Amino acid sequence: MTYSRIIGTGSYLPEKVLTNADLEKLVDTNEDWIYSRTGIRQRRIAADDEFTCDLAERAALNAIASAGILNNQIDLILVATTTADQVFPSTACLLQHRLGIAGPPAFDVQAVCAGFLFAMDVADKFIKTGSAKCALVVGAETFSRIIDWSDRRTCVLFGDGAGAVVLKADNEPGILSTHLHCDGKYKNLLCVPVGVSKNFNQIKAGTAFTTMQGREVFRWAVTAMSDIVDETLNANGMNRDDIDWLVPHQANIRIINAVGKRAGIPPEKVVVTIDRHGNTSAASVPLAFDEAVRDGRIQSGHHVLLEGFGGGFTWGSAMVKM
Ligand code: UT7
């Protein structure tokens, strides 16, 4: 049996820090409201001349360096993103060229904030079936580009960044299981209701923005992210005490705390970056994961449950043995 093992992680955050105090100057909000309702103190914003592929490249190079491999050993590249540089070619294709690789498949995966879990699942299946031996999986976003900076209900929540992992074929697990779900009937609760084929004028006018019914999304996020913990544990015959680390999507500290409580996972086993990163959509899980690997919390042999939730709705998880 072939499994995928995570042999390297990396991440990158743009330099510009946007604090809650900065936001007080843009919209009718305040530090107290933002921190108490979301847990966010600051987020990073890409420079005007910095694009999703730039963030993806920095995160990828960090992951490749930590894996100790050469770029040309990579035979699959997946980029989970909602905010691709261009309509086409895909950001994964652009990234592949930046890395000096030519030939193997590279494509984007779009599942918004759950995108990294969807991309991990695809890469895992490529490796398990022998179609790839060494996959680069990136979650990268410049979400700030699809935010209405005059809408206080959304602009305080999001930030930019990228995270990446290198997966390698191995006889030992590795990724123990992945679980993906979607339900498109909730499409209007969290969306950018504009695209190339529909309402393209809004893109040209620069008004293609994220809209969200916050309270309803909140309720769904808690339920879906709690239920998928149980689903993941059951699939592996494990119980909650077997989880060394939970790395959840970073959308709101109140969601993270509610999921931890419902799933029976104590706060000291939950990786939290929301205070410094805000919600970076597809980048949030790999960013948090890389932070906890690099600071030594996540160690070899640990069982780590990664989970995401996003517009669609989409939600997914992966149980990983490090
Ligand atoms: O990544 C994908 C998943 N995304 C999520 O999971 C996000 C889920 N939703 C949330 O995290 C929360 O619903 C929010 C953080 C978006 C909002 O928190 P809330 O506690 O649900 O607040 P609310 O929307 O019920 O609004 C409460 C009040 C409202 O005022 P009134 O109507 O009670 O007078 C809002 O107008 O807070 C007001 N408000 C604000 N006040 C100051 C909304 N945004 C702000 C703001 N600053 N930025």
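The values are calculated or read from the model by the stated rules, or taken from the named source; none is laboratory data. Bear in mind that the values here come from a model prediction, so they are computed numbers and not experimental data. So basically every Cβ, Gly included, is an ideal-geometry build from the backbone, and we count neighbours across all protein chains shown. Quick note on the areas: whole protein, heavy atoms, side chains included, nothing else; ligands and nucleic acids left out. Shrake-Rupley method; radii C 1.70, N 1.55, O 1.52, S 1.80 Å.
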Can you give the convex hull volume of the alpha carbon atoms of the range 177-321 per residue, in Å³? 121
How big is the accessible area of Cys182 in square angstrom, nearest 10, if you roll a 1.4 angstrom probe over the protein chains? 90
Any idea of Glu268's accessible area? Nearest 10 Å², probe 1.4 Å. 130
Candidate span helices, the chain: DSSP H, at least 18 Å along axis from Cα coords, Kyte-Doolittle average at least -1.0, result 52-67, 115-128, 214-235
Alpha-carbon centroid distance for the pair the range 243-322 / the range 58-137, whole angstrom: 21
Distance from a point 7 Å along Cα→Cβ of Glu268 to each backbone N in the range 218-246: keep the residues under 16 Å and list them by number. 241-246
Heavy atoms of His302: accessible area, 1.4 Å probe, square angstrom to 10: 40
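If R₀ is 22 angstrom, what is the calculated FRET efficiency for the pair Asp275 and Glu216, using the beta carbon separation as r and rounding to 0.05?
Working: r = 24 Å, r/R0 = 1.11.
Efficiency, from the Cβ-Cβ distance: 0.35.
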For Asp244, Asp124, give the ranking by accessible area with the largest first, probe 1.4 Å. Asp244, Asp124
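Return the ratio Rg/(2.2 N^0.38 Å) for the range 3-172, where Rg is computed over Cα atoms only. All intermediate terms of the calculation are to be shown ahead of the outcome.
Values: Rg = 17.3 Å, N = 170, 2.2 N^0.38 = 15.5 Å.
Working it through for the range 3-172, the quotient is 1.12.
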Per-residue ellipticity at 222 nm attributable to helices in the chain (runs of n ≥ 4 DSSP H, -39500 (n - 2.57) apiece, nearest 500 deg cm²/dmol) works out to -10000 deg cm²/dmol
All-pairs alpha carbon distance profile, the range 91-224, 10 Å steps from 0, percent: 10, 32, 33, 20, 5, 0
Leaving ligands, DNA and RNA out of it, report the carbon-plus-sulfur percent of the accessible area of the chain at a 1.4 Å probe. 50
Could you give the accessible area per residue of the chain, probe 1.4 Å, as a whole number in Å²? 42
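So for Phe107, Phe118, Phe158, what's the accessible-area order with a 1.4 Å probe, most first?
On the way: Phe107 70, Phe118 30, Phe158 10 Å².
Final ranking, largest accessible area leading: Phe107, Phe118, Phe158.
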HN-Hα couplings for the range 142-148 via Karplus (6.51, -1.76, 1.60; θ = phi - 60°), in whole Hz with x for Gly/Pro, come out as 10, 5, 4, 6, 10, 10, 8
Where does each of Trp33, Trp315, Trp149 land when they are ordered by accessible area, with a 1.4 Å probe and the largest first? Trp33, Trp149, Trp315
Cα-based Rg/(2.2 N^0.38 Å) for the range 42-81, rounded to two decimals, is 1.38
Please compute the length gained on full extension between Arg37 and Ile203, using 0.36 nm multiplied by the number of residues separating them and subtracting their Cα-Cα distance. 56.7 nm
Expressed in angstrom and ordered largest first, the alpha-carbon extents of the range 66-148 along the principal axes are 43, 25, 25
Tally the DSSP beta bridges in the chain and give the antiparallel ones as a percent, rounded to 5. 70
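Using alpha-carbon pairs under 8 Å, 6+ residues apart, how would you state the relative contact order of the chain in percent? Could the numbers behind the result be given before it?
Values: 801 pairs, mean separation 84.2, N = 322.
The value is 26 percent.
Semi-axes of the chain's equivalent ellipsoid from the Cα gyration tensor, sqrt of 5 times each eigenvalue, largest first, rounded to whole Å?
Values: eigenvalues 160, 113, 63 Å².
The equivalent ellipsoid of the chain has semi-axes of 28, 24, 18 Å.
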